[in-house]
Amino acid sequence: MAVTVPNFIMWLAATVAAVWKLSQVARVPDDRYLRAVAACTFAVFVALSAQLLAATPDGILGPHLPKLVQNVVLTFFFSLLLIVLQASVSSLAATRRARFEVVLAGMVAAGLIATFVATAPSDRGASYEEAAGSAHVVVFFLLGNAYMAYATARGANLSWQAAGQTRSRARLSLRVAGIGLGICCLGTHVPRVIATGGYLLGLPAEVLRTELWTTPLLAVGIAVFFLGIGYPGARTGMVKAHFWLEARWRYFQLRPLWLVVYHAYPNIALFPAVSWWRELLQVRNMRLRYYRRVIECRDGLVCMSPHLHVNFDNARDLAVGILALVNNESRGRPSLPRAVLAEPTGESVQEDVTELLKLSRELRKLGRADSSGGTSGSQLGSPGLAAG
């Protein structure tokens, strides 16, 4: 028995989900619901890892034990999953059903173990595709798939009920997970129950050829199920990635303006200036760096405002005036009141940033703040301006 692509896809999906959920538990260890979901995903990971080990050449743990471990672990996984889903639909019903689900899973696990022990050692590691050669193996898969058909059907139903009772974004997550369980039920476990039951009754079940198409459908169902479980976290991750990329892009857009005010007033900066390629390598605390740059740009403009005695109608004229000031072409005593340079049209941070970005773009166009890590020479840090 060799490792197949569907088996590997199922294992990979389970691995990603288990690692992700366990990392969430590490961050929020007191969340009981999260711990239960993490336990479910970890149980699937263990079961599918056992299946993968059994499929490796010569079987790392032998051809027998992983198959039993996989099926026994899956029974308890589904019992826990059904309890969690029932609790999300009705906590009172979950209390009543919990004992039944655990007892049922225990009975199925005991039956699997007994059937496994009764099977000839040479047949114990047989896959579903090889089940027709031994009656004991057929019973083993019949019992396992019968329980899985029940568990996935009930799980799909509970998922849709839970989705109907929530108004959050978890609704879509639960429905996608329910669809995945439905695919597993109707596309894999029910056909396998029919086929294995046919083998035991002497019916021509081989015409169904379930060994050819049920495993790929099982892989699809498990992948869809984990997609549903992972959707809220994936969506959160995408939102965070969007904010990070937006902050990074604006951080670089503000660089020309920031370089001007930094070289004129170095004390306003929390972080020292670095070359543009080193900024490209900065990935941590990007939003903090971005907001610091916004604040520092505004602080620098406040420091410059007493030295500028002309009202500027647009960002380009202001950029020219700032460059003339820092190059000592337009000096004078500070005057009050101070003008608001690049004044935003509203009170929001976004409107403030918009004006700063306009000014920064004009400075870039004027070529006084290049992308190589500095402005045009030592004039920007002239002692006269810095002292003022």
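Of note:
- Within segment 62-79, the set of residues being closer than 12 Å to residue 112 by Cα and modelled with pLDDT of 75 or more comprises 68, 69, 70, 71, 72, 73, 74, 75.
- Pairs with Cβ under 7 Å, 6+ apart, first in segment 293-313 and within 19 Å of residue 255 (Cβ to Cβ), second at pLDDT below 80 and surrounded by 21 or more Cβ atoms within 10 Å (Cβ to Cβ): 301/342
- Applying the condition of being open to solvent by less than 70 Å² (accessible area, probe 1.4 Å) and part of a loop (DSSP other than H, G, I, E, B) to segment 309-329 and asking which residue is modelled with the lowest pLDDT yields 328.
- Checking the stated criteria, residue 262 turns out to be over 30 Å from residue 15 (Cα atoms), at pLDDT 90 or above and surrounded by 15 or more Cβ atoms within 10 Å (Cβ to Cβ).
- In segment 123-142, the residues that are in contact with a helix residue (DSSP H, G or I) (Cβ under 6 Å, 6 or more places away or on another chain), open to solvent by 50 Å² or more (accessible area, probe 1.4 Å) and under 17 Å from residue 218 (Cβ atoms): 129
The values are calculated or read from the model by the stated rules, or taken from the named source; none is laboratory data. Please read all numbers here as calculations on a predicted model, not as lab measurements. Here the Cβ is made from the backbone with ideal geometry for all residues, glycine too, and neighbour counts use every protein chain on show. Areas reflect the complete protein model, heavy atoms only, side chains present, ligands, DNA and RNA absent. Shrake-Rupley method; radii C 1.70, N 1.55, O 1.52, S 1.80 Å.
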